Amino acid sequence: MRRFAWVIGAALPLVGAWPALAEDVVIRIEAKRGAEAAAQTAAAWGAQFPDVVTFPAGSDWVAIALGPMPREAAAARLEQLKAENKVPGDSFLSTAEGRDLTRIGATATAPTAPEPAATPGSASTFAPAAPAADPAADAAEPVVGDLAGEDAPTIAPSSAEPELAPQAETPVAAEPPPAQFFLRLESSPDRAKAEAMLEKWRQTLPEAGLWTMPNGRSAIAFGPMDEVTGKAWLRALRNAGAVPKDAFLSPGEDMGEIAIIGAKPDLGAPPAEDAAPVPMPPLEQIQRALRWAGHYQGAIDGKDGPMTQKAIAEEIVRLRASPDTATAMAELIRRREAWRAEMGLTQLQDAHTGLMLPAPMDKLQFDRAERALSIYGPKDGSGAALILFSQPGGQQEMLDIAGLVTALGWVPAPERKVERGSVILDGRNQTHIGHAEGRVVDGRAQGFVLIWPISDPEDQVRLAAEISDNLARFAPAAGEAQPEAPAIAPATAVPQD
């Protein structure tokens with residue numbers, strides 16, 4: 001009767017709360033923040049399993065599960081799926097009663113008897129295969145009359161008699177999945193306080209969740225991950241100051257009950273112990289890539305100072321490509337080069353100012369030159385502009401140009417950073433972001449203004465860094481070109497005796 005009741009319940013439409021079924025549960029396998037991300041992930045799971053459902057899990061999270069089904073069947077199925085590494089190691093059973101379950105696929109129907117998935121190499125338990133014919137058995141069929149010396153027809157076995165099932169292959173035991181660990185960040189005996197702490201942690205580690213520990217405390221944790229990965233990332237997070245010094249790795253079995261579900265973090269694995277070490281890229285390349293990523297404001301000098309070390313540690317955590325420094329920095333440099341190609345950066349040599357720099361010329365076109373200025377306006381409605389300037393002078397001339405930039409609105413309501421020999425202006429309005437830099441170099445006030453659409457702040461920061469780091473003079477400005485030497489030098493007078 002119990003199994004029949006489950007089949008009836010499975011056939012009902014998944015609108016509103018699921019009918020109350022005694023002891024029915026779901027296997028929770030994952031959670032995603034936001035309906036769109038959850039729908040995409042659930043659809044991918046639906047390609048593997050016929051009974052995928054979703055339901056709200058609080059705080060804009062959506063849980064993805066299998067079921068519902070009787071608890072006994074679910075426990076056996078979960079154990080089998082974990083052994084075959086078909087579901088995450090932290091999957092668990094959760095009651096189905098009271099859940100607002102939504103089936104993936106409008107016509108999907110739950111299986112009538114959910115059972116553990118098949119072991120690789122054996123017949124599926126969801127669709128048992130018919131016994132294969134055995135040629136050896138045919139050859140051994142009895143011949144009536146042989147013992148009496150008479151010829152007699154061969155008689156097939158009676159259909160009423162059961163055939164002998166073929167010898168089943170001995171299943172190969174699957175290796176158990178690796179033990180799961182969680183990075184414990186903070187805890188509190190006050191549940192409300194712990195939830196407030198969780199919201200703060202999710203600003204930097206959005207996958208964090210909340211657990212009710214066996215001792216009653218509420219703990220914020222980040223995971224799951226295997227032990228090797230967990231230890232490597234714990235060191236990386238500590239080096240970056242992203243977790244408390246007393247944060248530690250805790251086995252999954254010590255975590256108690258999930259109170260607010262998190263998400264499994266996407267963390268790059270540490271290098272294998274027997275793998276050859278990745279060579280560290282040149283430090284100057286690392287500094288340029290860190291500045292491009294927006295996490296380094298120091299000089300591009302190739303020196304391993306505290307500012308560079310801090311930026312590297314923070315970038316490892318942000319990038320999450322690998323806890324290994326060399327591997328992570330090589331990946332960051334690769335991403336910068338891919339971005340430069342995507343942006344179409346080319347080397348611009350401006351004859352009017354004598355300056356050269358990388359510029360997105362697919363979005364710019366030359367407009368005009370005025371005195372010390374060379375102006376490139378937007379191309380094809382890109383909303384971008386670039387102004388270069390170069391003139392003889394020092395600190396005062398540099399500040400005069402900064403005042404002109406402000407007066408013309410190229411950098412609206414700017415924040416100014418003025419030092420001896422340099423000035424930086426940053427400002428924005430409803431339509432664009434403006435950034436200007438001026439420097440005194442070899443008796444000249446020179447620099448640039450970058451104007452970029454307000455809708456693309458990330459690329460604006462990266463472009464400004466690229467131009468700043470690579471701006472250089474390649475020739476005298478147009479107004480200071482020197483006359484060419486004559487092709488034939490004049491004869492030198494020879495004194496007469």
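Quick grid of which residues meet (1) touching a strand residue (DSSP E or B) at 6+ places or on another chain (Cβ under 6 Å); (2) in the same structural domain as residue 209 (by TED's automatic domain parsing); (3) modelled with pLDDT under 80; (4) closer than 21 Å to residue 221 by Cα:
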{"position": "37", "(1), (2), (3), (4)": "no, no, no, no"}
{"position": "47", "(1), (2), (3), (4)": "no, no, no, no"}
{"position": "54", "(1), (2), (3), (4)": "yes, no, no, no"}
{"position": "95", "(1), (2), (3), (4)": "yes, no, yes, no"}
Task: Condition met for residue 419 (under 21 Å from residue 465 (Cα atoms) and not small (Gly, Ala, Ser)) - done: yes
- [ ] Kindly provide the set of residues from region 338-350 that are assigned to a helix (DSSP H, G or I) and surrounded by 13 or more Cβ atoms within 10 Å (Cβ to Cβ), ordered by number.
- [x] 339, 340, 343
Open item on the list: Exactly one of these conditions fails for residue 320: (1) under 24 Å from residue 231 (Cα atoms); (2) of a type in the set (Lys, Arg); (3) over 21 Å from the mean Cα position of the chain (by Cα). Give me its number.
Closed with: (3)
TODO: Go through region 437-460 residue by residue and tally those that are in contact (Cβ under 8 Å) with a residue 40 or more places away in the chain and under 18 Å from residue 413 (Cα atoms).
DONE: 7
- [ ] Confirm whether residue 416 is within 41 Å of the chain's Cα centre (by Cα), assigned to a strand (DSSP E or B) and over 25 Å from residue 366 (Cα atoms).
- [x] yes
- [ ] Look at residue 372 and say whether it is at pLDDT below 95 and either crowded, with 17+ Cβ neighbours inside 10 Å or among the polar types (S, T, N, Q) (or both).
- [x] yes
TODO: Examine region 244-254 for a residue that is farther than 22 Å from residue 462 by Cβ, in contact with a Gly (Cβ under 7 Å, 6 or more places away or on another chain), crowded, with 16+ Cβ neighbours inside 10 Å and touching a residue at least 12 places away in the same chain (Cβ under 8 Å), and state whether such a residue exists.
DONE: yes
Open item on the list: Here are the criteria: (1) surrounded by fewer than 17 Cβ atoms within 10 Å (Cβ to Cβ); (2) touching a Leu at 6+ places or on another chain (Cβ under 7 Å). Tell me which single one residue 418 does not satisfy.
Closed with: (2)
Open item on the list: Take residue 399 and tell me if it is in a helix (DSSP H, G or I) and free of Cβ contacts under 8 Å to residues at least 40 places away in the same chain.
Closed with: yes
TODO: Report the residue count in region 205-243 for those that are in contact with a strand residue (DSSP E or B) (Cβ under 8 Å, 6 or more places away or on another chain) and surrounded by 13 or more Cβ atoms within 10 Å (Cβ to Cβ).
DONE: 25
Open item on the list: Can you pull out every residue in region 275-325 that is crowded, with 19+ Cβ neighbours inside 10 Å, closer than 16 Å to residue 337 by Cα and free of Cβ contacts under 8 Å to residues at least 40 places away in the same chain?
Closed with: 287
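Residues checked against (1) modelled with pLDDT of 95 or more; (2) closer than 22 Å to residue 383 by Cα:
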residue	(1), (2)
425	yes, yes
430	no, yes
452	yes, yes
459	no, yes
466	no, yes
475	no, no
478	no, no
491	no, no
495	no, no
Task: Positions within region 42-93 being among the polar types (S, T, N, Q) and within 30 Å of residue 199 (Cβ to Cβ), in sequence order - done: 54, 59, 91
- [ ] Among what's in region 326-346 and is of a type outside the set (Lys, Arg) and free of Cβ contacts under 8 Å to residues at least 12 places away in the same chain, pick the residue that is nearest to residue 282 (Cα to Cα).
- [x] 337
Task: Per-region count, region 180-204, residues farther than 14 Å from residue 216 by Cβ and surrounded by 16 or more Cβ atoms within 10 Å (Cβ to Cβ) - done: 12
Task: In region 279-306, the residues that are β-branched (Val, Ile, Thr) and modelled with pLDDT of 90 or more - done: 286
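The values are calculated or read from the model by the stated rules, or taken from the named source; none is laboratory data. It should be emphasised that the depicted structure is a prediction, and the values quoted were computed from it without experimental measurement. Note: ideal-geometry Cβ built from the backbone for every residue, glycine included; neighbour counts use all protein chains shown.
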